[in-house]
Amino acid sequence: MIGDRKSKAALAVCLLVILILAGSNVLLFNRNLELHNQMDSIPGTYFFLQDPELSNSSGLETWRCGFRHLDPLNTSDRNIARITSGTAHLCYNETSGLGWSTASLSQGDLPNNWGDRAKNYSLLLGGCNQKTGNPTSGVTFYRYWLPGEGEFLLKSRIRIVRREFLANATNDVPKNNVGIVLYCSYTQTLSNCTSESDYFNSSKNVSSAIYIDIFFASSIWNDTTSELEPTRYEPYLAHGDPWEEDYVIGLTIEDPVELEGVWRNVTADLGRILNLTFDYLPDTINLITVRGAQIFVESIGCLIEAEIDYVRMAINN
């Protein structure tokens, strides 16, 4: 009899565990279904940049022009971030070799309380196309409902003006990049609850944002040839020290710019990039919201100068 009671008790415990797990899975399924259904209420299927032609003629400060100096003493007049006659001109002269520094143009909300949120800078546009898009604080993409490959494209025309070696890097090698970064907040599902990242939290100990770095051109110092030579990065995810707690995903476009002094048309497949982003992120992150974008040149131990004619989004339905 005692053995029968123990068997029945064990069976009851097993059934209880199964019911708990089943209930948890039902709650998680319902939450994911709810997130899926909410997609119809999320403003915009795609995101677009305001003033993609870089005319800066709207009367507003459509583009933030700025720098990120790792060396606070770097006030070189060779550092440039401006728009002139419909062309963006970016240059950074990194002479310390201490780490990455940047010259950039950005719009939308930036993470970690970067910039002055009180100013009337332009937001990204959200909608079905550039003409009918409306200003929005973010455009959300769901892991299981993304643009297909070749459906959502970023097109630009750029020219590498010059690259110059300046200094040995302290913990790296001299190198530089030209590209665009998409700044995103995210929603994470853990057990039966969801939480949205604290996008404006400036603490290094808090994961608040996802950066999607898309490189149009890159070069790295070759000790053998004593030249800055074109290179490309395989897709990667960086998370945690020394990248703080935010997620950084980087990749190079299919046909990056290599030669200096030549205007080149470049294309980034945003549908493929968004799908790849979710492949690299934890499975618990099912929603990302693109909230800002930044065109940039960045360097460590060298000078990088580039011009950008336009940055357009294109839809191929």
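Odds and ends about this structure:
- Rg/Rh ratio calculated on Cα atoms of the stretch 231-317 (Kirkwood radius): 0.97
- Entry for the stretch 148-207 at q = 0.15, 0.22, 0.31 Å⁻¹: log10 I(q)/I(0) = -0.91, -1.01, -1.31, Debye formula applied to identical alpha-carbon scatterers, no solvent contribution.
- FRET efficiency, 1/(1 + (r/R0)^6) with R0 35 Å, evaluated for Asn192 and Glu254 via beta carbons: 0.30
- Counted by neighbouring Cβ atoms within 10 Å, the residues Cys193, Cys65, Cys91 run from fewest to most as Cys193, Cys65, Cys91.
- Equivalent ellipsoid semi-axes - Cα gyration tensor, the stretch 163-317, angstrom: 30, 20, 13
- Environment charge at Val206 (Cβ cut-off 12 Å; Lys +1, Arg +1, Asp -1, Glu -1): -3
- Principal semi-axes of the equivalent ellipsoid, √(5λ) from the alpha carbon gyration tensor of the stretch 44-315, are 28, 22, 19 Å from largest down.
- Total formal charge among the other residues, if their Cβ is under 10 angstrom from that of Ile300, Lys/Arg +1 and Asp/Glu -1: -2
- Local electrostatic count, Asp269, Cβ distance below 12 Å [Lys/Arg +1, Asp/Glu -1]: -2
- The 3J(HN,Hα) values that the Karplus relation (6.51, -1.76, 1.60; θ = phi - 60°) gives for the stretch 92-99 are, in residue order, 10, 10, 8, 9, 8, x, 6, x Hz. Gly and Pro appear as x.
- Proximal aspartates and glutamates relative to Lys175, as straight alpha-carbon distance under 17 Å, when same-chain residues fewer than 8 apart are discounted: Asp71, Glu94, Glu164, Asp213, Asp223, Glu227, Glu229, Glu234, Glu258, Glu260, Glu298, Glu305
Each value in this text was obtained by applying a stated rule to the coordinates, not by laboratory testing. All values derive from a computational prediction rather than experimental measurement. Here the Cβ is made from the backbone with ideal geometry for all residues, glycine too, and neighbour counts use every protein chain on show.
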